[in-house]
Number of protein chains: 2
Amino acid sequence: MSGLRTDLYELRMAASYLRHGMTGPATFSLFSRRLPSRRGFLVAAGLAEALTFLEDFSLDAADLDYLRRVGGFDRSTLAALSTLRFTGDVWAVPEGRVVFADEPLLEVTAPIAEAQLVETGVLNLITFQTTIASKAARCRIAAGDAQLIDFAFRRTHGFEAGAGVARASAIAGFAATSDVEAAVRYGLTPSGTMAHSYVEAFPDERSAFRAFATDFPVDPIFLVDTYDTPDGVRAAVDVVEELGLTGPFGVRLDSGDLAALARQTRAILDEAGLGRARIVASGSLDEDVIAGLVAAGAPIDGYGVGTKMGVSYDAPSLDSAYKLVSIGDRPVLKLSPGKATLPGPKQVFRDATGVACDVIGLRDEPVPADREPLLVPVMCDGRRLDTCAPADLVRAARRRFEAELTWLPGSARRLAQPQPLTVLVSPALAALRDRVAAEARQDGGR
Amino acid sequence: MSGLRTDLYELRMAASYLRHGMTGPATFSLFSRRLPSRRGFLVAAGLAEALTFLEDFSLDAADLDYLRRVGGFDRSTLAALSTLRFTGDVWAVPEGRVVFADEPLLEVTAPIAEAQLVETGVLNLITFQTTIASKAARCRIAAGDAQLIDFAFRRTHGFEAGAGVARASAIAGFAATSDVEAAVRYGLTPSGTMAHSYVEAFPDERSAFRAFATDFPVDPIFLVDTYDTPDGVRAAVDVVEELGLTGPFGVRLDSGDLAALARQTRAILDEAGLGRARIVASGSLDEDVIAGLVAAGAPIDGYGVGTKMGVSYDAPSLDSAYKLVSIGDRPVLKLSPGKATLPGPKQVFRDATGVACDVIGLRDEPVPADREPLLVPVMCDGRRLDTCAPADLVRAARRRFEAELTWLPGSARRLAQPQPLTVLVSPALAALRDRVAAEARQDGGR
C-alpha cells in the first residue's frame, strides 16, 4: 500500500521531525469530539483495516520520486522516508464495542514521524466504519427479530466503501449483504433476489417468476411490485404451485405503503396455504421507517437496507480527531476554542452493570474496583497481536456488539432523542489537564 | 478488477438471461429521480471511472469457484460467465456538465446479461462522484474568487473515496487537494501546511514555526490557532522577519470566529508590512459558512474544505436509478408508485441561452433548432472513445464545469432554496410513455 495515501502535511511534518532529530516516541489519541444528534452511542469498527494499513505502510521509489518533485524533501530526508515503517504500539477499543464522545477509540505510540504519517489513514478507516456500524446498529435495534440485509453497494462512496459498509453492518448484526466481493472477503452471507428490470425483460411477470424459480429453485425471492403488488403476489403463488416448489421462498415489496401491502401479501400467501413464505421489504428504508413498520405490526420478516445505512444518511461522518497527547514524557494538549483536548495516554473504565457513568482516566491509573478497562493492546512494535482471518475478526466483533446490546442503557439505545451515557474525567486526568493547560497558556505563545 | 464487485442479484439475473437464451440488446438509463432539497443542479462526474470499470469487467477462476459454491450457477452458465466481457455501447453526459432530475447521466446498450451485471458498479461510481461534485460546486460558487482546497481525505468513506472526492472536487473547481495519492493519480496540485500536533511537538509555537519555515521556506503556511490566534500570527510574522523570507507565505485559522480573527490577522500582517501574506481558513467549513464569511467581507484568501464536502454532509447520496428502458425493439417501463420510469433510449435537448427549459426526448428524435444534445457516445463495442490520460480528463471536465457556471440560471445556482431548471418531456416521449404504460397495465400481471 502506498505511503502517499496520506495528507501532504503529514509528510512535511514527518520530514521536519526527522530533520530536527525528533525521533522520540509520541502518543496520539483518536476519539470523537461529540456524537451526531441522533446517536446515543457509537459502535467501534474499522480497527482491523487500520492495523493492516499500519503494517503495510511504506514509501516506494515512485512515491519518493514524486515527493522530490513536489519539493521541500532533501536527499537525506527522502532516504530516511524510504526505510520508514510503522514500528509503534497501538491500544484500541475492540471492534463491536460501544463508545461515547471523548473516549479514545485508539491510541498510537510511536516515533513521532511515524505516528504523524499514519494520522490520515487511521482516522479515515476508523471514522468511516464506526460511522456506518453506528447507523447500522440503529437499524438492528429497530428491526427486533427481523433479519437485515445490506443492500447499499450501489450507492456507497465507491467500491471499497461498499466492502467497508458490508463489514461494518455485519458487525452491527446484519445477516447478509448483496455485495458479493465483500461477502468473499469477510466471510459474509451473500444475498440477492431479482430486479424490476428482470421482470420487465420477460413478456409478463409470470414468465419472469417461472424462469427465475426454474433457475434458482432454492429459496427464491420474487419481486412483486413491478406492476401491481397483489397481482404480483398471486403470480408468485401460482408459479410456486405450478412448479411444485416445497421449500422456503419469499416475496419482496419495494414500493408503496409497505405496512398495508405486507398485510395484504400475508393474507394472500396464508390463504394459499403458504405460511412458510417470507416477506422482505426494501426501498429507502432506515431505522425510523423500520421502527414504524414494526410498531404497526407489519408482517415483515426481513428488511433490505441500502443507501440510508450505507452512507449513514443523517450523519455521514463523525467529528473525529487524532490528537497528540504526549511527546516523550511530556503530556500535551491544545486549547483551540471548541477543540481543546485531554493530555496523556488514556484508558476508559466502564461499569459492567451499566448503572454508573464511564470514566476516562490515564492509562497507568489502577483500574477501579468493579470496572473494566475498554482499551486493550492490539499492536506491539508494528505487529498486530490478533492475526485471525478477516472473517473471524468480523464474527468476534459481531458477538461483542451483541453483548453490548444487552448492556446498553435504554436511554442511549432508544432511536428518538437518545441520551448517550455520561462520561466523566478521572480526578488524576482532570488534575493533569489543568496543570498542562496552565503551562501551555503561559508558554505557548513565547 | 473482480466481476464479483456487483450485487448477487445481478449475477443471478445474468445467469438466468443466459440460460434462457436472452442475448438480445437492452438499454438501461441511469438518472436521478429527484434532487436533494438543497441542490439546484447536479454536476455529472465519475464517467471515466465507470468506463474503466466496464472495460475491465471480467470474472476469474476464483470468482467462478465462489459462485459455484454459492449455488444456482450450473456448469454451462459458469462457462458463459467466464468469457463474458462488456461489449456494449454507452452514451453519457460529459463530466463537468450540469444535469437535473430525470435527465439520463448515462445509457448503456448491451446484451442484457452484460448490461445487467454492470448495474451496481456503474451506479455506484457515477452516483458517488456526482454527489460530491455537486456539493463541491456549491462551495465553489460560495467562495467567489477565493481558492478552495480539498481537506477531506481523513473523513471520506475509505481511501478510494478520498481519491474520488479529490477528483470530483477538482472537476468542480477546487484548486488543490491534501490527498497526495489522489494528486499523483489525477495530476492535481497537492497542498499541505502543518497540524496542531506539530506546533505542540516543539517547546513553543515560535520554535515550531522556525523549524517549519527553515525546512519548507517556499510558501510556508503557519497554523496560528493552537494557543491564541493573534499571538500565533505575531509569532509567524517574527519568524518570517527573523529568517528573512521574502517570498509568499500564509497563515491558517482553524477555529474560533473566523471573520473576526481574519480581520485581526489581516491587520497584524498589514501593520508588519506583510500585505503579501495570505490568510487560509479551515475547520468544519461548508458552502454556507463560506458564503457567510464572504458576505461579512472577511479578508480570507483560501478555504480548506473537508468533511462537509467530502461526504456531502447534507445530502450524502442521490436518488439515482439504473432502469431498463428497452429490450430488443420493445420499450419498457415500470409503474411502481413513486418510481415510474420513462421508456426508450433518450436524449436531453438544452437551450444554450439558458432561457428555455431542458427537454428530455427520444434519442432518435431530431435535435430541435437552437438546442444542443447533452448525451454523446462515449463507448462503442466495449471500447472507450476518449483515451486521454486521467489528468487530462479531469482538466477537460473542469473546463466544462467552468463554462456551465456562466450558463447556469441564477435560480438554480443560488445556495438557499435553489430552483432547478424545469425539465419537460418531448411530445414523442410522452406519447411513447402513455402507450407503453397502458400496455403494461393490461399485460403485466398476466
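Residues that are under 9 Å from A:ALA14 (Cα atoms) and in contact with an Asp or Glu (Cβ under 8 Å, 6 or more places away or on another chain) within segment A:108-121 comprise A:GLN116, A:LEU117, listed in sequence order.
For segment B:208-231, which positions are open to solvent by less than 30 Å² (accessible area, probe 1.4 Å) and more than 7 Å from every other protein chain (Cβ to nearest Cβ)? Let's see the steps before the verdict.
At the first step, the residues of segment B:208-231 found to be open to solvent by less than 30 Å² (accessible area, probe 1.4 Å) are B:208-209, B:211-213, B:215-216, B:220-226, B:229-230.
B:ALA208, B:PHE209, B:ALA213, B:PRO220, B:ILE221, B:PHE222, B:LEU223, B:VAL224, B:THR229, B:PRO230 - these are the residues of segment B:208-231 that are open to solvent by less than 30 Å² (accessible area, probe 1.4 Å) and more than 7 Å from every other protein chain (Cβ to nearest Cβ).
Taking residues in segment B:134-150 that are within 19 Å of B:ALA262 (Cα to Cα), and partners anywhere that are open to solvent by 10 Å² or more (accessible area, probe 1.4 Å) and among the basic types (Lys, Arg), the pairs with Cβ atoms closer than 8 Å and at least 6 places apart or on different chains are B:LEU148/B:ARG140. Exactly one residue among A:THR27, A:THR23 is open to solvent by less than 10 Å² (accessible area, probe 1.4 Å) and either modelled with pLDDT under 95 or in a strand (DSSP E or B) (or both), and that residue is A:THR27.
Please determine, by comparing only the residues of segment B:312-326 that are hydrophobic (A, V, I, L, M, F, W, C) and surrounded by 21 or more Cβ atoms within 10 Å (Cβ to Cβ), which one is nearest to the other protein chains (Cβ to nearest Cβ). It would help to see each step written out before you state the result.
Kept after step one, since they are hydrophobic (A, V, I, L, M, F, W, C), are these residues of segment B:312-326: B:315, B:318, B:321, B:324-325.
Within this subset, residues satisfying the condition of being surrounded by 21 or more Cβ atoms within 10 Å (Cβ to Cβ) are B:318, B:324-325.
Details: B:LEU318: 8, B:LEU324: 4, B:VAL325: 9 Å.
Filtering segment B:312-326 for residues that are hydrophobic (A, V, I, L, M, F, W, C) and surrounded by 21 or more Cβ atoms within 10 Å (Cβ to Cβ), the one nearest to the other protein chains (Cβ to nearest Cβ) comes out as B:LEU324.
For A:PRO409, state whether it is within 17 Å of the chain's Cα centre (by Cα) and surrounded by fewer than 18 Cβ atoms within 10 Å (Cβ to Cβ). It is false that A:PRO409 is within 17 Å of the chain's Cα centre (by Cα) and surrounded by fewer than 18 Cβ atoms within 10 Å (Cβ to Cβ).
Here the helices (runs of 4 or more DSSP H) wholly within segment A:345-446 that include at least 2 residues being acidic (Asp, Glu) and within 14 Å of chain B (Cβ to nearest Cβ) are A:427-443.
Does B:ASP257 satisfy being open to solvent by 30 Å² or more (accessible area, probe 1.4 Å), under 25 Å from B:ARG154 (Cβ atoms) and free of Cβ contacts under 8 Å to residues at least 12 places away in the same chain? Walk me through how you get there before you give the answer.
Values: open to solvent by 30 Å² or more (accessible area, probe 1.4 Å): yes; under 25 Å from B:ARG154 (Cβ atoms): yes; free of Cβ contacts under 8 Å to residues at least 12 places away in the same chain: yes.
Yes, satisfied.
When you go through (1) in the same structural domain as B:ARG155 (by TED's automatic domain parsing); (2) closer than 30 Å to B:PHE128 by Cβ; (3) touching a strand residue (DSSP E or B) at 6+ places or on another chain (Cβ under 8 Å) one by one for B:ILE327, which number turns out not to apply? Single failed check for B:ILE327: (1). One residue stands out among those in segment A:92-104 that are of a type outside the set (Val, Ile, Thr) and within 17 Å of A:ARG398 (Cα to Cα): the one that is nearest to the other protein chains (Cβ to nearest Cβ), which is A:GLU95. Consider segment A:153-176 and keep the residues that are open to solvent by 10 Å² or more (accessible area, probe 1.4 Å) and hydrophobic (A, V, I, L, M, F, W, C). The one that is farthest from the other protein chains (Cβ to nearest Cβ) is A:ALA175.
Could you tell me whether any residue of segment B:370-387 is aliphatic (A, V, I, L, M) and open to solvent by 30 Å² or more (accessible area, probe 1.4 Å)? The answer is yes, given that some residue of segment B:370-387 is aliphatic (A, V, I, L, M) and open to solvent by 30 Å² or more (accessible area, probe 1.4 Å).
Here is a list: A:ARG75, A:ARG68, A:ARG38. Which entry is in contact (Cβ under 8 Å) with a residue 24 or more places away in the chain and either open to solvent by 10 Å² or more (accessible area, probe 1.4 Å) or over 32 Å from the mean Cα position of the chain (by Cα) (or both)?
On the way: A:ARG75 fails: in contact (Cβ under 8 Å) with a residue 24 or more places away in the chain; A:ARG68 fails: in contact (Cβ under 8 Å) with a residue 24 or more places away in the chain.
It is A:ARG38.
Of everything in segment A:139-152, what is open to solvent by 10 Å² or more (accessible area, probe 1.4 Å), under 21 Å from A:TYR313 (Cβ atoms) and charged (D, E, K, R)? Give them in sequence order. Hit for segment A:139-152 is A:ARG140, nothing else.
Each row is one residue, and each column tells you yes or no for (1) out of contact with any strand residue (DSSP E or B) (no Cβ under 9 Å at 6 or more places or on another chain); (2) closer than 26 Å to A:GLU10 by Cα; (3) among the aromatic types (Phe, Trp, Tyr).
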{"site": "B:VAL93", "(1), (2), (3)": "no, no, no"}
{"site": "B:VAL99", "(1), (2), (3)": "no, no, no"}
{"site": "B:LEU106", "(1), (2), (3)": "no, no, no"}
{"site": "B:SER134", "(1), (2), (3)": "no, no, no"}
{"site": "B:ASP145", "(1), (2), (3)": "yes, no, no"}
{"site": "B:GLY158", "(1), (2), (3)": "yes, yes, no"}
{"site": "B:ALA163", "(1), (2), (3)": "no, yes, no"}
{"site": "B:ALA170", "(1), (2), (3)": "no, yes, no"}
{"site": "B:THR189", "(1), (2), (3)": "no, yes, no"}
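Taking the numbered list (1) open to solvent by less than 10 Å² (accessible area, probe 1.4 Å); (2) not assigned by TED's automatic domain parsing to the domain that holds B:GLY173 in turn, B:THR265 passes all entries but (2).
Of the residues in segment B:111-119, at least one is in a strand (DSSP E or B), within 13 Å of another protein chain (Cβ to nearest Cβ) and either touching a Ser or Thr at 6+ places or on another chain (Cβ under 9 Å) or open to solvent by 10 Å² or more (accessible area, probe 1.4 Å) (or both).
Does B:ALA50 qualify as being open to solvent by less than 50 Å² (accessible area, probe 1.4 Å), assigned to a helix (DSSP H, G or I) and within 23 Å of B:GLY173 (Cα to Cα)?
On the way: open to solvent by less than 50 Å² (accessible area, probe 1.4 Å): yes; assigned to a helix (DSSP H, G or I): yes; within 23 Å of B:GLY173 (Cα to Cα): yes.
Answer is yes for this residue.
The conditions of being at pLDDT 95 or above and either over 23 Å from the mean Cα position of the chain (by Cα) or over 30 Å from A:ALA315 (Cα atoms) (or both) are met by A:ALA110. Of the residues making up segment B:267-279, at least one is in contact with a Leu (Cβ under 9 Å, 6 or more places away or on another chain) and free of Cβ contacts under 8 Å to residues at least 24 places away in the same chain.
Does segment B:37-47 hold any residues that are among the small types (Gly, Ala, Ser) and in contact with a Lys or Arg (Cβ under 8 Å, 6 or more places away or on another chain), and which are they?
Start the filter on segment B:37-47 by keeping residues that are among the small types (Gly, Ala, Ser), which leaves B:37, B:40, B:44-46.
Within segment B:37-47, B:GLY40, B:ALA44, B:ALA45 qualify.
Of the residues making up segment B:351-369, those that are surrounded by 14 or more Cβ atoms within 10 Å (Cβ to Cβ) and either in contact with a Cys (Cβ under 9 Å, 6 or more places away or on another chain) or aliphatic (A, V, I, L, M) (or both) are B:ASP351, B:ALA356, B:VAL359, B:ILE360, B:LEU362. If you check B:PRO111 against the conditions, is it in contact with a Phe, Trp or Tyr (Cβ under 9 Å, 6 or more places away or on another chain) and farther than 22 Å from B:PRO390 by Cα? Yes, satisfied.
Can you tell which of B:ILE279, B:ILE290 is outside any loop (DSSP other than H, G, I, E, B), in contact with a Pro (Cβ under 8 Å, 6 or more places away or on another chain), at pLDDT 95 or above and among the β-branched types (Val, Ile, Thr)?
Working: B:ILE290 fails: in contact with a Pro (Cβ under 8 Å, 6 or more places away or on another chain).
Criteria check complete, one pass: B:ILE279.
Considering each residue of segment B:177-206, count those that are open to solvent by 30 Å² or more (accessible area, probe 1.4 Å), under 30 Å from B:ALA260 (Cβ atoms) and not in a loop (DSSP other than H, G, I, E, B), and give that number. So the count comes out to 1.
The values are calculated or read from the model by the stated rules, or taken from the named source; none is laboratory data. Quantities reported herein were computed from a predicted structural model and do not represent experimental measurements. Using ideal geometry, Cβ is built from the backbone for each residue, glycine included, and neighbour counts are taken over all protein chains shown. Heavy atoms of the whole protein, side chains included, go into the accessibility calculation; ligands, DNA and RNA do not. Shrake-Rupley method; radii C 1.70, N 1.55, O 1.52, S 1.80 Å.
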